[in-house]
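Report on the structure given below.
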Amino acid sequence: MELYVDVPMRDGGTVRIEPVSRNIFRIRHGADFRFPEASLVKYGVVRSDWPRPEFACEDRDGIVSIRTEHAQLKVNKGDGRIAFLDEQGRMLLEETQRQAGANAGFAAEFALADDEKLYGLGDESRHLLQKRGHRAKMWVKNVDCYAPIPFLYSSKGWGMFLNTTWRHFFDLGYQKPDRWKMFAKRGELDYYLIAGADYGELLDRYTDITGKPELLPLWAYGLTFVCNQQANAREMLDDAMHFRREGIPCDLIGLEPGWMERHYDYSVDKKWHPDRFYIPGWADKGPQTFIGGLERLGFKLSLWLCSDYDITYQEEKLAGQKRTAAEPEAPVNGDYNADDFEQDLRAHAPVYMDRLTKRDEPWFRHLTAFVDQGVKAFKMDGARQVNEHPDRKWGNGMDDEELHNAYPVLLNKQMYEGFREHTGLRPMIYTSSGYAGIQRYAATWAGDTGGGPKPLISMLNHGMIGHAHASCDMDVFTPEGIHFGFLQPWSQVNSWAYWRHPWLLGDKLLPIFKYYAKLRYRLLPYIYSAAHTAARTAMPIIRSMPLAYPDDPASDRLMQQYLLGESLLVAAFTNQVHLPEGTWIDYWSGRHYTGPADIVAEVPDDRGGPLFVKAGAIIPIWPEIDYVGQKLLDAIGLHVYPHGSSEFTLYEDDGETFRYRNGEIALTRITCAADDNEIRICIGAREGQYEGMPGQRSFDLQIHTDSEPADVRLDDHKLRPGAEWHYTEGSIRLRVEEETGKRGPRCIRCSLRA
């Protein structure tokens, strides 16, 4: 079966159409029938191993139509313009103007419907979520544009991924209100069109192209603390001890560039600072090192890095391509010339401008020594990832204009794959910058921009392109900053040059910090289950209101609130909250509200912002711990907020390896059905298993209801009030033990008083 259809145009050039799935078409414009592969495909960031769908092709009246089971693409043979339709023949997207030619860049313009909304583009703007009327410059730049992602999608059911690394632009109804346009001065027009019934389907299918978010190690969803940059090994260990003495849970301790012998060492010859972080050469690994001390306290260690390394040599090697360096390799003995009487090779051998890169050494190789000593994570600074290199010719032959956008994703790809291959464990690589595909390789933080409302918008925009692990530096000096900082996909306190240590916050802020840190760790099974959902579907851990409630007319303006998972609504830096349709419960007071409604939330003095629970929520809760893995979690809590019919699936695995990819996961499905007379909760038997799974599990149920039950039954056995269940402070409490060998659910039935 043919993999593509080439459509020659009467005005010159060719349009190549590749149906890569039943819902996705790839469209390329070329000056002839030669289509060199795009770098993101060649380097494995964009998928190439598609199970090609069946499709039909028809050529009639100057229009070539390619139809799959779920979508159709029409190409005008005269000028190459396309029309994209769904399976019912409904027009999704129609091109109005096109310009594409050899070495002339490209421009493609499309019609916008009157009520059409546009979303996507990643962290390229921090002042809006709905992008219609916006003009975007897609170029990685420090602070201004950390992670532009050329994926755009519409309320009309289409998505578009532009497969380019060149500097390019989107005009989304800015110049012409009824048109949107993508254009670049260099590069070829190469893009994917996606059909989907809703935003969730479009995200899922976009990440079929660029990859699903991978799970972080379970401990990475806890708290990361980055020490003051002048800290030495003893002071770092003192910080770790302070966390334990204060009872503040924390898992990852990070070091800034002061850990290196040479400050801001970009090379592959970096070493520990001989005074601050002395490790004797005769015992450079093991329990006697400061890393061993951290491990015994339950901490992992993270190191700060920056890179100006030419990672394209390794990408070319991985792609099986011949090296395309701008200059030839230096000859071993020099070129012989009879007239070169003196043969002074020292002064006349080839000179390479890049004195940093070792062409046959992958970037990650020099880091394996630190990993072998116990380093578990790396913080990739924006330094050199976000910098322009105007006169640099990269080893693969590219100018910086072509590689600049791709550099962050390729660097973090090599970090991710290097750690995975060396250890067999999930990496925790986190970076401030990125491009298409970054969701596969790294977590991100919002750069050196603090922890306020603008970083929140950046995180929401990251989520809207399927990137699940976005965060920002926590503002620990306000209750609002602490509230927001702990209710994120992952949480980080970055001291850097400052003193953001929790125990230095004073009498008011320290208890608030402790409370939220413990709340976060109790919520880890809920957050980790949301991370599993993201790894399967690309639905992010924190979800903007347009993504979660696209039919609510207020959603687009709501940039200071979001859903954490499916059931927790968080507002940050404001007490004005829009509650979508449904019933919502104030987490602090227990008060019920009916949406849609705009309210002014009442926040207690010892809390930092509004937090609401969606009625029907089922939220698994861990007991208090100091760090992930401290003890076997054979008993966990379940907070249930009965309302109609609802369900939740608890995902568990070993938390460190990639065995979850092979199905080594335990799933527990929990359902709840409630009416005025009865609450019925069923806890399914665990399905599947993983190494280290508790042999026996019990659940401490807390069923939130204003009605005291007349009786409570477990599997039709009536429980004794006061002994086997009790009702207090608006909730029914009881413990349910998993029955060994039983495959069916354990069901709790609460009959309510009239």
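Details
- Long-range amide H partners of Asp123 with built H, under 5 Å: Ala147, Ile149
- Placing dummy labels 7 Å off each Cα toward the beta-carbon, the span from His70 to Asp675 is 3.6 nm.
- Inter-label distance, nm, simple model (7 Å from Cα along the C-beta direction), Asp79/His592: 6.0
- Glu664-Glu94 FRET efficiency (beta carbon distance; Förster radius 45 Å; 0.05 resolution): 0.45
- Shown in residue order for segment 507-523 are the 3J(HN,Hα) couplings computed by the Karplus curve 6.51 cos²θ - 1.76 cosθ + 1.60 at θ = phi - 60°: 5, 7, 7, 4, x, 5, 4, 4, 4, 5, 4, 5, 4, 4, 5, 5, 7 Hz (x for Gly and Pro).
- Prolate/oblate/rounded call for segment 26-117, Cα gyration tensor, a/c under 1.5 rounded: rounded
- Label selected from (1) 3, 13, 22, 24, 19, 12, 5, 2, 0, 0, 0; (2) 3, 16, 27, 27, 17, 8, 2, 0, 0; (3) 2, 11, 16, 17, 15, 13, 10, 7, 4, 2, 1, 1, 0, 0, 0, the criterion being P(r) over Cα pairs in 10 Å bins from 0, in percent as computed here: (1)
- FRET efficiency estimate (nearest 0.05) - Cβ-Cβ, Lys317 to Arg10, R0 41 angstrom: 0.45
- Signed unit charges on C-beta, dipole axis of the chain, positive-most listed residue Cys747, His70, Val712: Val712
- Three-way shape call for segment 5-209 based on the alpha-carbon gyration tensor, with the a/c threshold at 1.5: rounded
- Extended-chain gain in nm, criterion 0.36 nm per residue less alpha-carbon gap, His389 and Gln230: 54.2 nm
- Segment 632-752: antiparallel DSSP beta bridges as a percent of all, rounded to 5: 85
- With contributions of -39500 (n - 2.57) from each DSSP H run of at least four residues, the per-residue ellipticity at 222 nm computed over the chain stands at -5000 deg cm²/dmol.
- When the Cα positions of Gly254, Ile732, Gly211 are compared along the charge dipole of the chain, Ile732 comes out farthest toward the positive end, with charges on each C-beta of Lys, Arg, Asp and Glu.
- In order through segment 226-231: 3J(HN,Hα) via Karplus (6.51 cos²θ - 1.76 cosθ + 1.60), integer Hz, x for Gly, Pro: 9, 5, 4, 5, 8, 5
- Counted charge near Arg669, where neighbours are those whose Cβ lies closer than 11 Å (Asp, Glu -1; Lys, Arg +1): -1
- Calculated FRET value between Leu128 and Lys156, using beta carbons and R₀ = 25 Å, to 0.05: 0.85
- Listed residues Pro642, Gly320, Ile429: farthest to the positive end of the dipole of the chain (Cβ charges): Pro642
- For Leu638, residues with placed amide H under 5 Å, excluding near neighbours: Ile621, Asp700, Leu701, Gln702
- Electrostatic tally near Arg659: other residues with Cβ closer than 14 Å to its Cβ, Lys and Arg +1, Asp and Glu -1, net -4.
- With 0.36 nm allotted per residue and the present C-alpha distance subtracted, the Ser645-Ala723 stretch has 25.2 nm of extension available.
- Taken about its Cα centre, segment 238-307 carries a charge dipole of about 160 debye when Lys and Arg each add +1 at the Cβ and Asp and Glu each add -1 at the Cβ.
- Segment 500-525 and segment 722-738: distance between their alpha carbon centers, rounded to Å: 29
- Label-point separation in nm, Leu519 to Leu632, each point 7 Å along Cα→Cβ: 3.2
- In order through segment 631-639: 3J(HN,Hα) via Karplus (6.51 cos²θ - 1.76 cosθ + 1.60), integer Hz, x for Gly, Pro: 8, 5, 9, 8, 10, 10, x, 10, 9
- Cα centroids of segment 119-189 and segment 239-262: 39 Å apart.
- Annotation for segment 537-615 versus segment 5-57: alpha-carbon center distance of 42 Å.
- Three-way shape call for segment 486-610 based on the alpha-carbon gyration tensor, with the a/c threshold at 1.5: oblate
Laboratory data are not the source of any read-out in this text; all were calculated from the coordinates shown. Since this is a predicted model, take the numbers as computed values, not measurements. Note that each Cβ is placed from the backbone with ideal geometry, even for glycine, and that neighbours are counted across all protein chains shown.
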